[in-house]
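**Student:** Questions regarding the structure given below will be posed in turn.
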Amino acid sequence: MFFHNFKYSLKTLFRNKAMIFWTFAFPIILGTFFYLAFSDIENSEKLDIIDVAIIKNEEFESNELYKAVFKELSDKDNKDRLFNIKYIDKDDEKEAKELLDNEKISGYLEFVNGKPKLTFKSNGINETIFKYVTEGIVQSAYMGRNVSETKANLKDISRKNLSYTMIEFYTLIAMTCLYGGLLGAIAINQNLANMTCQGKRIATAPVKKWQVIISSALSCYITQILGVALLFIYTIFALKIDYGNHFFKVVLLSLVGCLAGLSLGIFVATLVKAGENAKTGIIISITMAGCFLSGMMGISMKYIVDKNAPIVNKLNPASMITDGFYALYYYDTFDRYYFDLISLLIFAFILIGISCIGLRRQKYDSI
């Protein structure tokens, strides 16, 4: 029964033209638009030296790593120079705020209780570079790197931060993974007695319901993996997108992301009492809202949300996926990556658990 329903579900999915479009065609079309829109901008963009300020309090003066790295990255004789730094005494903190208000600097750094604190007025590529260079120093300090190792690592990070397209392709993969929710909804809907004739037959037949549900969900999961694999093949070989040196971990995160998308669809299909079109609309709305907050429609949006409402992206599966990719691409430590990976698994299992409880409690007055 399991394999029979598995094959039947696969055939049903591949005969659904709308699902084939959203799973296989739409991500490739959108990826092509991203490439055409951003590649020329990125190739022609020249990095300007970024004006920033650093408040020289006792904590900064005693931190040799920060002093040495920022001195190197602001040295006029350094061809990889990133910053033009204005050092401000701790008693003149108002000067830094005035420079920021007058847009003379992109932001300023100060140490508060032993930790670096960045202050910005707006969000953009300059602010993003300053933020990730600072985070890179934090990572280096945590790993016990010396000054020369930190400098070498940050030169690579600063170049990568110039990529306008990478965050767009990260969110594109996240969107493709979460569109597995549409397939997950199909897996549940076709087995619900109040949705399809097949569901009525299953409800009255002497078959194990869990086998039918799992086999349907597995067929949807495999279909979604094929869609993501096709997107990777297209972006890597046709668009020449570089996903970094940890491709196996990129694939692993994508597989878990597909599971999260599938669980979202199962959750909505199980608990929302509405027609198939309404459920589809809800899943697409949730997916696109999550991708928007993770940076698909603007590369600074993710930073804005992380700064002002960090809990939102902690619960946003699209942000978990893009943040995991970001951690792999920019850093050579995996703590942040594994945190996002585990968060996605927890997200998926919680939704699947709630859905199982909901399915067991469903009753029908008549079929």
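**Student:** Give me the residue from the range 169-194 that is polar (S, T, N, Q) and at pLDDT 70 or above and, out of that set, nearest to Phe38 (Cα to Cα).
**Tutor:** Thr171
**Student:** Another one. For a quick check of your reading of the model, give me the residue pairs whose first member lies in the range 111-129 and is in the same structural domain as Lys90 (by TED's automatic domain parsing), whose second is buried (at least 18 other Cβ atoms within 10 Å of the Cβ) and aromatic (Phe, Trp, Tyr), with beta-carbon atoms closer than 6 Å and at least 6 apart or on different chains.
**Tutor:** Phe111/Phe60; Thr119/Tyr108; Asn123/Tyr303; Glu127/Phe120
Residue by residue, here is whether (1) at pLDDT 90 or above; (2) among the acidic types (Asp, Glu); (3) within 24 Å of Phe334 (Cβ to Cβ); (4) in contact with a strand residue (DSSP E or B) (Cβ under 6 Å, 6 or more places away or on another chain) holds:
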| residue | (1), (2), (3), (4) |
| --- | --- |
| Val250 | yes, no, yes, no |
| Val256 | yes, no, yes, no |
| Ala260 | yes, no, yes, no |
| Leu264 | yes, no, no, no |
| Phe267 | yes, no, no, no |
| Lys273 | no, no, no, no |
| Asn277 | no, no, no, no |
| Ser285 | yes, no, no, no |
| Gly290 | yes, no, yes, no |
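**Student:** So in the range 231-244, with the set limited to residues that are assigned to a helix (DSSP H, G or I) and touching a helix residue (DSSP H, G or I) at 6+ places or on another chain (Cβ under 6 Å), which one is farthest from Glu168 (Cα to Cα)?
**Tutor:** Checking each candidate, the answer is Tyr234.
**Student:** Another question, if that's okay. Checking Cys197 against (1) in contact with a Phe, Trp or Tyr (Cβ under 6 Å, 6 or more places away or on another chain); (2) at pLDDT below 65; (3) surrounded by fewer than 16 Cβ atoms within 10 Å (Cβ to Cβ), which single condition isn't satisfied?
**Tutor:** (1)
**Student:** Report every pair of residues separated by at least 6 positions or lying on different chains whose Cβ atoms are under 8 Å apart, first residue within the range 343-355 and touching a residue at least 60 places away in the same chain (Cβ under 8 Å) and in the same structural domain as Gly265 (by TED's automatic domain parsing), second assigned to a helix (DSSP H, G or I) and surrounded by fewer than 21 Cβ atoms within 10 Å (Cβ to Cβ).
**Tutor:** Taking only residues 6 or more apart or on different chains, the pairs are Ile354/Leu271; Ser355/Leu271.
**Student:** If we keep just the residues of the range 300-320 that are assigned to a helix (DSSP H, G or I) and among the hydroxyl-bearing types (Ser, Thr, Tyr), which is modelled with the highest pLDDT?
**Tutor:** Restricting to residues being assigned to a helix (DSSP H, G or I) and among the hydroxyl-bearing types (Ser, Thr, Tyr), the top hit is Ser319.
**Student:** For the range 245-273: of the residues being within 16 Å of Tyr170 (Cα to Cα) and in contact with a Gly (Cβ under 6 Å, 6 or more places away or on another chain), which is surrounded by the most Cβ atoms within 10 Å (Cβ to Cβ)?
**Tutor:** In this case the residue turns out to be Gly261.
**Student:** Out of (1) buried (at least 21 other Cβ atoms within 10 Å of the Cβ); (2) of a type outside the set (Asp, Glu); (3) more than 21 Å from Phe120 (Cα to Cα), what's the single condition that is false for Gly295?
**Tutor:** Every listed condition holds for Gly295 apart from (3).
**Student:** Going by what's in this entry, would Lys17 be described as in the same structural domain as Ser215 (by TED's automatic domain parsing) and loosely packed, with under 13 Cβ neighbours inside 10 Å?
**Tutor:** yes
So that you can scan it fast, the table gives a plain yes or no per residue for (1) part of a loop (DSSP other than H, G, I, E, B); (2) modelled with pLDDT of 85 or more:
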position	(1), (2)
Phe38	no, no
Lys46	yes, no
Ile54	no, yes
Phe70	no, yes
Asp80	yes, no
Lys86	no, yes
Lys97	no, yes
Ser122	yes, no
Asn126	no, no
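**Student:** I'd like to know if the range 327-337 contains one or more residues that are assigned to a helix (DSSP H, G or I) and under 20 Å from Tyr179 (Cα atoms).
**Tutor:** For the range 327-337, residues assigned to a helix (DSSP H, G or I) and under 20 Å from Tyr179 (Cα atoms): absent.
The values are calculated or read from the model by the stated rules, or taken from the named source; none is laboratory data. On a predicted model such as this, the values are computed, not experimentally measured, just so you know. In this analysis, Cβ positions are derived from the backbone assuming ideal geometry, glycine residues included, and neighbour counts consider all displayed protein chains.
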